[in-house]
1. Which FRET efficiency value, to the nearest 0.05, is calculated for Asp80 and Glu123 with the Förster distance at 25 angstrom and r the Cβ-Cβ distance?
2. Give me D for region 1-83 in µm² s⁻¹, whole number, from Stokes-Einstein with Rh from the Kirkwood sum over alpha-carbon pairs, 4 °C and 1.567 mPa s.
3. Expected output is a single nm value to one decimal: the length gained when fully extending between Asp62 and Gln12, i.e. 0.36 nm times separation in residues minus the C-alpha distance. What is it?
4. What FRET efficiency comes out for the pair Ser255/Leu102, r = Cβ-Cβ distance, R0 = 41 Å, nearest 0.05?
5. Label points 7 Å out from Cα along the Cβ direction at Ala146 and Arg266: separation in nm?
6. Heavy-atom accessible area of Ser351 with all protein chains present, probe 1.4 Å, nearest 10 Å²?
7. Give the Debye-formula value of log10 I(q)/I(0) at each listed q (0.11 Å⁻¹), with one equal scatterer per alpha carbon of region 10-133, two decimals each.
8. Extension gain Arg111-Leu192, at 0.36 nm per residue separation less the Cα-Cα distance, in nm?
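The values are calculated or read from the model by the stated rules, or taken from the named source; none is laboratory data. Here the structure is a predicted model, which is why all the values come from computation and not from measurement. Cβ placement follows ideal geometry from the backbone for every residue including glycine, while neighbour counts extend to all protein chains displayed. Note: accessible area is taken over every heavy atom of the protein model, side chains too, but ligands, DNA and RNA are not part of it. Shrake-Rupley method; radii C 1.70, N 1.55, O 1.52, S 1.80 Å.
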Amino acid sequence: MTNVGLDLEMLQEFADALYDRSPAIERDVARLRQGGNERELTADLFRAIHNIKGDAALCKFDLGVAIAHPVESLMSRFRDGEIPFTDLLAETILLSIDRLELATDALLHGRSTGNLHLPTLLEYLGGLANAPVDELDSRCAELVQAVTGFNPSAGGLLAAPAGRAASGQARLNEDLAFFRSLALQLESRSPLFKGRTMRVLRLALETNKVGGSVVDVLQLEAAVYLHDVGMMFLPEAAWLKVGRLTEDDKKLLNSHPGLAAGLLQRMPGWMAAAEMVAQHHEMPDGRGYPQQLRGDAICPGAKILAIIDAFEAVMLKHSDRGKTRSVLRAIAEINACDKQFAPEWIAPFNSVIRKTIEA
């Protein structure tokens, strides 16, 4: 395998497509490992991996093909019922895509890929593609440990999130589809909101991933969809208003997190998402609303949403400057507000946005 003479323009096109697909891959893997609708999710995940391999081939990016091909073979075996979708298989897929992202970014910017242990990854992936069923999990564990230095079976790292039984996953997926439809209804109220839902979702999932994936991805997805849906229960004259808000307008708007959180609290399985929605306008210094929570009393998912929600608002405010200048201005404003946002999430967010600027 060689990538000598890579066309950087074509590699950038590959990177853009990979960056767009990664959040959906992570989400689908999470749903599959929790017993989601296997046929639909398997088809989506297989297609995403297959497209990554195809994109890499078109761009003459040998490394992309070499990583994606054995992962595609594993997904094909799962689709055909030959192997189960275990936690260790899920970790192997996520690690492979993550290393491909990191390697692509490094090659684009002239950095070394030595710390990514790519030869080791490729060696183990090659042996996995046709591994016997009864050896698959042990080989996946060996791959993860060889590439990362961590034993994936130790310390409960692969434990399923509490309170989520496989039998209830189909209902959770139906709920997510409903939440998404509500978010799109909100988008339709103003042309300025077009595409907002998926932008916020991508930024939230990627920021969570860079920050160590401490927030459950399905709960975060639900919170993204519903965090502003409470607006639709308020008079449009208040939340679509152009110009300075009155005190009465502010009181109305301050009620919107509680409205959407109340909806989630009444639906089984979404308490974590409800907490994120209820707290996404709280601030570490206690100046937020509705409860004036401080510091660690605010959950991590709400802290992520607060940053991205503010970023979108600043982008909208400066949209007349053009995309690049708007992004730069929005980043500057977010980073200047050292008391408004959780400092531990600023660096992961900056890392994600940096990719957007460089794309």
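1. 0.50
2. In µm²/s, the coefficient rounds to 97.
3. Difference between extended and current length: 16.6 nm.
4. That pair, Ser255 with Leu102, gives E of 0.45.
5. Inter-label distance under the simple model: 5.4 nm.
6. Surface accessible to solvent at Ser351 totals approximately 40 Å².
7. One equal scatterer on each Cα of region 10-133 leads to -0.35.
8. Residue separation times 0.36 nm, minus the Cα-Cα distance, leaves 25.3 nm.
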